[in-house]
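I have placed the structure first, in the form of structure tokens, so that the comments after it can refer back to it.
The values are calculated or read from the model by the stated rules, or taken from the named source; none is laboratory data. Fair warning: this is a prediction, and the values are worked out from it, not measured in the lab. Backbone-built Cβ (ideal geometry, glycine too); neighbour counts: all protein chains shown. Accessible surface is based on the protein model in full, side chains and every heavy atom, while ligands, DNA and RNA are left aside. Shrake-Rupley method; radii C 1.70, N 1.55, O 1.52, S 1.80 Å.
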Amino acid sequence: MAESFQFDLVSPERKLASVQATEVQIPGADGAMTAMAGHAATITTLRPGILRVVHTGGTDEYIVSGGFAEIGGENVSVLAERALPTGEVTQDAFDAMVAEYRAAHEKALENFKNEPGPVDDAARLLADMVAVGTHMGLSYRE
């Protein structure tokens, strides 16, 4: 059996997880990554995506958006701007999340007319959130 490490997931609303995990799959801003015991110390920001936690009781999945993950050899802590267990995500909750990213993209289009960087970043975040819903069998309804 793989070595375990302490995993904690918190959002401003609540603490969602505190378990001994063997693997955590993180949607990092620069790409997906998997943390395991003995991982090199790393801090990464999060993009919208599915965070998977493998532990002796099974696998738990959470939608996360924004925030960061701090990875150490013996622990992983994720501080998410928003996090929900995938089982709690309703179509209405998903629509609200996508609407926030759509509004941020529209604001970027208004404020950065000739600056593609911020507009492209907002478009990527919106696309990531829509992809999360697609993965879960949800689609954005305007």
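Counting only residues that are open to solvent by less than 60 Å² (accessible area, probe 1.4 Å) and among the hydroxyl-bearing types (S, T, Y), the stretch 11-50 holds 4 of them. Taken over the stretch 4-29, the criterion of being touching a strand residue (DSSP E or B) at 6+ places or on another chain (Cβ under 7 Å) and assigned to a loop (DSSP other than H, G, I, E, B) is satisfied by S4, S11, A29. From the residues in the stretch 123-142 that are closer than 24 Å to Y62 by Cβ and out of contact with any helix residue (DSSP H, G or I) (no Cβ under 7 Å at 6 or more places or on another chain), which one is least open to solvent (accessible area, probe 1.4 Å)? Among them, the one singled out is V132.
Yes or no, residue by residue, for (1) open to solvent by less than 50 Å² (accessible area, probe 1.4 Å); (2) in a helix (DSSP H, G or I):
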| position | (1), (2) |
| --- | --- |
| L84 | yes, no |
| G87 | no, yes |
| F94 | yes, yes |
| A99 | yes, yes |
| L109 | no, yes |
| N114 | no, no |
| D121 | no, yes |
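Residue check: G38 meets all listed conditions (1) part of a strand (DSSP E or B); (2) at pLDDT below 95 but one, namely (1).
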